[in-house]
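The values are calculated or read from the model by the stated rules, or taken from the named source; none is laboratory data. Because the structure is predicted, anything quoted here is derived from the model rather than measured. Methodologically, a virtual Cβ is constructed for each residue, glycine included, from the backbone with ideal geometry; neighbour enumeration extends over all protein chains shown. All accessible areas refer to the heavy atoms of the entire protein, side chains included, with ligands and DNA or RNA removed. Shrake-Rupley method; radii C 1.70, N 1.55, O 1.52, S 1.80 Å.
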Amino acid sequence: MSFEIENGVLKKYRGSEKDVVIPDSVTEIDGRAFSWCRSLESVTISDSVTKISDRAFYDCTSLKSIAVSENNQNYASEKGVLFSKDKTTLIQYPIGNERKKYITPNSVTEIGWKAFSGCTSLKAVTIPDSVTEIGEYALNNCKNLESIDVSENNQNFASEDGILFSKDKTTLIQYPIGNERKEYIIPDNVTKIGKGAFYDCESLESITIPDSVAKIGKGAFYDCTSLESITISDSVTEIGDEVFQYCTSLELVIISNSVTEIGECAFYDCENLESITIPDSVTKIGKEAFY
């Protein structure tokens, strides 16, 4: 096996084996140490490992199981999923696992950054009432995810029609991109669309944003390749970075007079957008906004 280890830090795995056991000499797994290792199916983390950085297993599309030594004092695994030792933080779901449904254990209070990102098999995820924090992009790019369900007793999050919201439903956090709706009307109570909320949603052709929405997060509609038209409500003051990047079918955008700023790469590679009217209110346009 080919490990690049420096002062106890596993910097990069350069092998092609399907099953990998982390050497006992490793105390830290660096960010992206196994990123893009698409032949990797299982990894066993030794008891010597004290730190696993973000992105360590990013885009490992065949990874079915992450196992942890029972003697490890910092991490644990259950059904192939990586957790903190006390199982209060779900760190990484193995995105090559072929489960269709996953029920998050009741011990979990936090779902980590990009914890499920890129999982192509999951159709439904259930979030229990114990969860108080969900990291950014935790459930994005899950191409077959049809529903995100939240316990009614959860005090921080809620779901409606399989869509993840904050408890008061003012923030739309994640749309399940495997849902096959062609049109979606965002509820009137929503004031914020979260980062990457509709990221890589290939089914939606039309989205209606109500006047209640004041903020659209970075990359909210990134790579929504079927999206043809969108009307930006009068309450929105800023179109953030990468919001409509790679929306290759987008033909019509109506920008209201409330918008003062258009972010970097906001309409990057929108190859079917033939014209757009920028109102007098706009004072700033970011780099490559219409590249």
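Listed values, structure above:
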{"quantity": "Region 1-78: Rg to Rh, with Rh as the Kirkwood radius over Cα pairs", "calculated": "0.92"}
{"quantity": "Tail weight of P(r) past 26 Å, computed on alpha-carbon pairs of the chain, percent", "calculated": "48"}
{"quantity": "Cα-centre dipole for region 176-244 with unit charges at Cβ (Lys and Arg positive, Asp and Glu negative), debye to 20", "calculated": "240"}
{"quantity": "Pair-distance profile P(r), taking every C-alpha pair of region 1-40, with 10 angstrom steps and integer %", "calculated": "33, 59, 8"}
{"quantity": "Which of Ile95, Ser46, Val26, positive extreme of dipole for region 10-123 (C-beta unit charges)", "calculated": "Ile95"}
{"quantity": "Coil-residue chymotrypsin sites (Phe, Trp or Tyr not before Pro) of region 220-271, DSSP, other Cβ within 10 Å capped at 14", "calculated": "none"}
{"quantity": "Selection of chymotrypsin sites (Phe, Trp or Tyr not before Pro), region 1-68, meeting DSSP coil and at most 13 other Cβ within 10 Å", "calculated": "Trp36"}
{"quantity": "Point-charge dipole on Cβ atoms (K/R +1, D/E -1) for the chain, about Cα centre, debye to 20", "calculated": "860"}
{"quantity": "Quarter of Cα convex hull surface for region 126-236, i.e. mean projection, nm²", "calculated": "6.0"}
{"quantity": "Solvent-accessible area of Leu139 with every protein chain in place, 1.4 Å probe, in Å² to the nearest 10", "calculated": "10"}
{"quantity": "Among Glu70, Glu202, Glu146: highest mean-square fluctuation, GNM of the chain, C-alpha pairs under 10 Å", "calculated": "Glu70"}
{"quantity": "Rg/Rg_globular for region 221-291, with Rg_globular taken as 2.2 N^0.38 Å and Rg from C-alpha atoms", "calculated": "0.98"}
{"quantity": "GNM flexibility winner over the chain from Glu160, Glu274, Glu98 (Cα, springs under 10 Å)", "calculated": "Glu274"}
{"quantity": "Region 1-144 - Rg (one decimal) and Dmax (whole number), Cα, Å", "calculated": "14.3, 43"}
{"quantity": "Solvent-accessible area of Ser147 with every protein chain in place, 1.4 Å probe, in Å² to the nearest 10", "calculated": "30"}
{"quantity": "Which of Asn140, Ser16, Phe116, positive extreme of dipole for region 1-160 (C-beta unit charges)", "calculated": "Ser16"}
{"quantity": "DSSP beta bridges in the chain [antiparallel fraction, %, rounded to 5]", "calculated": "30"}
{"quantity": "Accessible area (Å², per residue) of the chain, counting only protein heavy atoms and a probe of 1.4 Å", "calculated": "46"}
{"quantity": "Stretch gain in nm, segment Glu4-Arg38, where the contour uses 0.36 nm per residue and the Cα spacing is subtracted", "calculated": "10.5 nm"}
{"quantity": "Listed residues Thr132, Thr225, Thr89, most fluctuating in the chain (Gaussian network, C-alpha, under 10 Å)", "calculated": "Thr132"}
{"quantity": "Charged-residue dipole, Cβ positions (Lys, Arg, Asp, Glu), region 180-291 about Cα centre, Debye nearest 20", "calculated": "400"}
{"quantity": "Principal axis dimensions, largest first and in whole angstrom, of region 99-140 by Cα", "calculated": "25, 19, 10"}
{"quantity": "Accessible-area composition of region 175-291, carbon plus sulfur, in percent [1.4 Å probe]", "calculated": "41"}
